[in-house]
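Here the structure is laid out as structure tokens; the discussion comes afterwards.
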Amino acid sequence: MEIRPPVAFVDDDAELRAANQQSLELAGFEVLPFADAESALAALDRDFAGVVVSDVRMPRIDGLELFARLKALDPDLPVILITGHGDIPMAVEALHNGAYDFIAKPYGAERLVQSVARAAEKRRLVLENRALRLAAESAEESLPLLGQTPAMQHLRRTLRHIADTDVDVLIAGETGSGKEVVARLLHDWSRRSRGHFVAVNCGALPETMIESELFGHEAGAFTGAQKKRIGRIEHSSGGTLFLDEIESMPAAAQVRLLRVLEQREVVPLGSNEHRALDLRVVAAAKIDLGDPAQRGDFREDLYYRLNVVTLSIPPLRERKEDIPLLFAHFSQRAAARFKLGAPELTADLRRQLFQHDWPGNVRELAHFAERCVLGLNPSEAPSAALPLAAVEASLPERLEAYEAELIRQALAANAGDVRASLEALGIPRKTFYDKLARHGIDRAEYAARKDGE
Ligand SMILES: Nc1ncnc2c1ncn2[C@@H]1O[C@H](COP(=O)(O)OP(=O)(O)OP(=O)(O)O)[C@@H](O)[C@H]1O
Ligand SMILES: [Mg+2]
């Protein structure tokens, strides 16, 4: 889906217009030629997907005035000005005011194409960030389970279908992949949402307690059971029982649970009373219980009983297209919480996000987004172990890391071009090279790369 970025080319000289149009089209751009600023202004809007190139000297509205009006329309729209010999001080002034670049006449086609290509890439990123921000904002209100990949869309559809049935559900997924989010949705999207959502972590309860916790007991059922206790299963009646880490449930409790699932009633420890239940069980496992090798001590009959419907949540590395949306969502949330700005998704950061394997899945990504918002070393490959230690980095360390990141971003945005990076950073050349050396940044790495991959 290669789309050709549009370039609005404004020049009152028909010959120059035609010549530049040809060079830009040869370089793969779609050119919209305009003979004056008025018609360009009439045609462009805030979400114009490309770059504006304009001659400075034109009758009526000149290039600088056009730039000023476009800037009011969208300050992020890149405008490249073409200037005659005498206009250079004025063009420099325009750069200070936010023009993307100026090109002095006479110039070669290559100079124009290069500048337009960089500006177009920058524009693409700005619009992508804008769209992501919008998507994350609107998604926030509507959905707790984000994701636009087919797997996630399918998962949401299935959830809608089965939420309000009483069918028991097994949720399979790696750590941090969203099992609890899914379990809660099954509850929230059902008439059972009026009842309790009772979560039991089968791995965290001591083996000696799990049965009385789950099934309840009569007073005197065992040593220490002074008072009668309603079990969690019974407490969930009319609502949803969420059995987390079901793979860690002790063998004796498994047998009892199987009976509860089959008979839809519970017999508290030390009692003969059968109490009928309006039960809905959602269990979650980090391993594939269907695989005998992984199942270990887990009872096969219980597995089959739970496996009426299994929802598998794919690990994040198998749905990487969802990463930008999730990142935008979590960084916005963190930015609001810490009262800081949300980081832009630069080409560099995007590449990092796609290269990483995310063994901690969505949870790991959420933590990474928080660290980015805090300006903590976001250029390093995210590591699951980092977050807490990194918060304790000293202010100078954080500033250093932030500076290095800004330089990397500038290099990435400008494909390693020194002049453009200097402009973007607003620092002298020598300072720039000193900083590259200090931070161990290799400019060549950025020059060789195709951005956005
Ligand atoms: N698709 C998603 N959209 C938005 N947030 C998500 C999504 N998936 C997971 N999260 C968030 O990621 C974090 C981890 O999710 P959750 O607790 O559901 O994972 P889990 O599979 O239960 O992990 P564990 O096995 O470690 O208990 C939570 O903060 C959750 O809100
Ligand atoms: Mg969980």
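Here is a list: SER190, SER237. Which entry is open to solvent by less than 60 Å² (accessible area, probe 1.4 Å) and within 32 Å of the chain's Cα centre (by Cα)?
Details: SER237 fails: within 32 Å of the chain's Cα centre (by Cα).
Exactly one residue qualifies, and that residue is SER190.
Against the numbered list (1) modelled with pLDDT of 95 or more; (2) in contact with a Lys or Arg (Cβ under 6 Å, 6 or more places away or on another chain), GLU218 comes up short only at (1). Annotation: ARG130 fulfils all but one of (1) within 14 Å of ligand 1 (Cβ to nearest atom); (2) under 30 Å from VAL79 (Cβ atoms); the unmet one is (1).
Please enumerate the residues belonging to segment 212-265 that are closer than 21 Å to ILE287 by Cα and within 16 Å of ligand 1 (Cβ to nearest atom). Correct list: LEU241, PHE242, LEU243, ASP244, GLU245, ILE246, GLU247, SER248, MET249. If you go through segment 140-177 and keep only what is under 19 Å from LEU289 (Cα atoms), part of a loop (DSSP other than H, G, I, E, B) and more than 14 Å from the chain's Cα centre (by Cα), you end up with VAL167, ASP168, GLY173, GLU174, THR175, GLY176.
Count of segment 19-43 residues, restricted to those that are within 21 Å of ARG57 (Cα to Cα) and aromatic (Phe, Trp, Tyr), is 1.
Could you look through segment 345-355, keep only residues that are open to solvent by 40 Å² or more (accessible area, probe 1.4 Å) and not polar (S, T, N, Q), and pick out the one that is nearest to ARG130 (Cα to Cα)? Across segment 345-355, the extreme among qualifying residues is ARG350. Residue pairs whose Cβ atoms lie under 6 Å apart, separated by 6 or more positions or on different chains, with the first residue in segment 258-282 and within 23 Å of ARG184 (Cβ to Cβ) and the second of a type in the set (Ser, Thr, Tyr) and assigned to a loop (DSSP other than H, G, I, E, B), are LEU277/SER237; ASP278/SER237.
Annotation: of all residues in segment 69-110 being within 20 Å of GLN21 (Cα to Cα) and of a type in the set (Gly, Ala, Ser), the one that is surrounded by the fewest Cβ atoms within 10 Å (Cβ to Cβ) is GLY108.
In segment 266-323, what residues are within 16 Å of ligand 1 (Cβ to nearest atom), open to solvent by 20 Å² or more (accessible area, probe 1.4 Å) and in a helix (DSSP H, G or I)? The answer is GLN294, ARG317, GLU318, LYS320, GLU321.
Which of the residues belonging to segment 58-102 are touching a residue at least 40 places away in the same chain (Cβ under 8 Å) and within 15 Å of ASP13 (Cβ to Cβ)? Listed by number, the residues that qualify are MET58, PRO59, GLY63, ILE82. For LEU66, the criteria (1) crowded, with 21+ Cβ neighbours inside 10 Å; (2) in a strand (DSSP E or B) hold in every case but one, which is (2). Among the criteria (1) within 16 Å of ligand 2 (Cβ to nearest atom); (2) surrounded by fewer than 20 Cβ atoms within 10 Å (Cβ to Cβ), the one LEU365 does not fulfil is (2).
Taking the stated definitions as given, is LEU316 aliphatic (A, V, I, L, M) and farther than 30 Å from GLU128 by Cβ? The answer is no for LEU316. As a summary of the residue check, GLY203 satisfies the conditions (1) away from ligand 2 (no atom under 16 Å from the Cβ); (2) open to solvent by less than 50 Å² (accessible area, probe 1.4 Å); (3) not in a helix (DSSP H, G or I) except for the one numbered (1). Selection within segment 156-180: residues that are β-branched (Val, Ile, Thr) and in contact (Cβ under 8 Å) with a residue 60 or more places away in the chain. The member of this set that is farthest from ligand 1 (Cβ to nearest atom) is VAL167.
Scanning segment 128-149 finds no residues that are in contact (Cβ under 8 Å) with a residue 24 or more places away in the chain, more than 22 Å from VAL309 (Cβ to Cβ), open to solvent by 60 Å² or more (accessible area, probe 1.4 Å) and within 16 Å of ligand 2 (Cβ to nearest atom).
Do the conditions hold for ILE3, that is, is it buried (at least 16 other Cβ atoms within 10 Å of the Cβ) and closer than 18 Å to LEU125 by Cβ? Criteria not met by ILE3.
Out of curiosity, is ALA335 open to solvent by less than 60 Å² (accessible area, probe 1.4 Å), among the small types (Gly, Ala, Ser), away from ligand 1 (no atom under 12 Å from the Cβ) and at pLDDT below 90? Break it down stepwise before answering.
Details: open to solvent by less than 60 Å² (accessible area, probe 1.4 Å): yes; among the small types (Gly, Ala, Ser): yes; away from ligand 1 (no atom under 12 Å from the Cβ): yes; at pLDDT below 90: yes.
Yes.
When we screen ALA284, ALA253 for residues that are within 16 Å of ligand 2 (Cβ to nearest atom) and among the aliphatic types (A, V, I, L, M), the only hit is ALA284.
Residue-wise test of (1) on the phi > 0 side of the Ramachandran plot; (2) within 36 Å of the chain's Cα centre (by Cα).
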{"residue": "VAL53", "(1), (2)": "no, yes"}
{"residue": "ALA68", "(1), (2)": "no, yes"}
{"residue": "ASP76", "(1), (2)": "no, yes"}
{"residue": "VAL79", "(1), (2)": "no, yes"}
{"residue": "VAL92", "(1), (2)": "no, no"}
{"residue": "LEU95", "(1), (2)": "no, yes"}
{"residue": "GLY98", "(1), (2)": "yes, yes"}
{"residue": "LYS105", "(1), (2)": "no, no"}
{"residue": "ARG111", "(1), (2)": "no, yes"}
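The values are calculated or read from the model by the stated rules, or taken from the named source; none is laboratory data. All values reported here derive from a predicted model rather than from experimental measurement. We place every Cβ from the backbone using ideal geometry, glycine too, and count neighbours over all the protein chains shown. Quick note on the areas: whole protein, heavy atoms, side chains included, nothing else; ligands and nucleic acids left out. Shrake-Rupley method; radii C 1.70, N 1.55, O 1.52, S 1.80 Å.
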